[in-house]
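What follows draws every value from the coordinates through simple rules; no lab data is involved. If you're wondering where the values come from, they're calculated on a predicted model, not measured in any experiment. With ideal geometry, Cβ positions are generated from the backbone for all residues, glycine too; neighbour counts draw on all protein chains shown.
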């Protein structure tokens with residue numbers, strides 16, 4: 001016997017078809033002549049349906065797949081991202097993506113490349129990031145970690161709308177935890193929506209939709225996430241806070257080299273994309 005489909009599920013499928021039809025039209029009409037901050041008419045028309053789907057999905061935890069997320073938000077998110085890529089002459093989707101998170105500035109920079117050097121695409125505002133400057137050391141310390149990470153997985157059923165899990169603790173974190181006898185350095189660090197942080201980087205819901213869709217299009221293994229206490233291109237990272245581990249200078253040296261390698265000779269305008 002066929003399995004009965006619930007009304008919310010039917011509504012989501014219907015909404016998805018509407019959104020895909022409208023937003024795909026918008027993405028096809030987008031061109032490099034559009035200013036990044038301006039959505040096409042079709043994308044604007046799709047926005048109310050996306051907002052409706054957001055509310056439906058957020059009361060139905062555990063029933064979404066990554067494919068569901070792409071069906072609902074994919075075309076709309078792409079229509080918003082593509083003008084930024086067109087402006088910097090980077091193909092969408094790009095071959096690689098780098099996200100630079102700056103805790104003090106509460107800013108997430110999006111960089112991407114096809115080949116050659118990374119190019120700055122846009123900024124996003126970080127709405128919440130708990131803790132203070134300094135690396136994460138243990139479960140429950142409420143610290144956003146600092147270091148160089150990858151996206152370990154995409155979670156379409158997050159309690160924070162959507163989320164992308166980082167591979168914290170990485171090898172560097174695990175080595176120093178072992179060396180210092182810290183049995184539980186913590187885990188489950190995400191970039192997510194809902195603008196609330198318990199040791200994660202919290203964005204607004206529209207931002208996490210864009211980042212989620214972009215990461216799926218690029219491939220999680222091709223997305224690097226660098227988290228720094230502040231922008232080392234503005235002033236050097238120094239481990240001058242009392243109580244920081246003795247290995248913090250080594251960590252900050254790695255972070256600084258990585259950020260400067262991603263953005264050689266270029267300081268993005270602070271207000272761009274915000």
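Structure values in brief
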| item | result |
| --- | --- |
| Fewest-first ranking of 173, 141, using other Cβ atoms within 10 Å as the exposure measure | 141, 173 |
| Beta bridges by DSSP in segment 96-262, antiparallel share as percent, to the nearest 5 | 75 |
| Exposure proxy ranking, count of Cβ atoms within 10 Å, fewest first, for 119, 257 | 257, 119 |
| Normalised convex hull volume, segment 96-262, alpha-carbon set, Å³ per residue | 106 |
| Ascending count of other beta-carbon atoms within 10 Å, so fewest first, for 178, 247 | 178, 247 |
| Estimated FRET transfer efficiency when R0 is 30 angstrom, pair residue 114-residue 184 (beta carbons, to 0.05) | 0.15 |
| Relative contact order (percent, whole number), segment 107-255, Cα cutoff 8 Å, 6+ residue spacing | 24 |
| Two-site label geometry, residue 65 and residue 254: point separation in nm, points 7 Å out along Cα→Cβ | 3.7 |
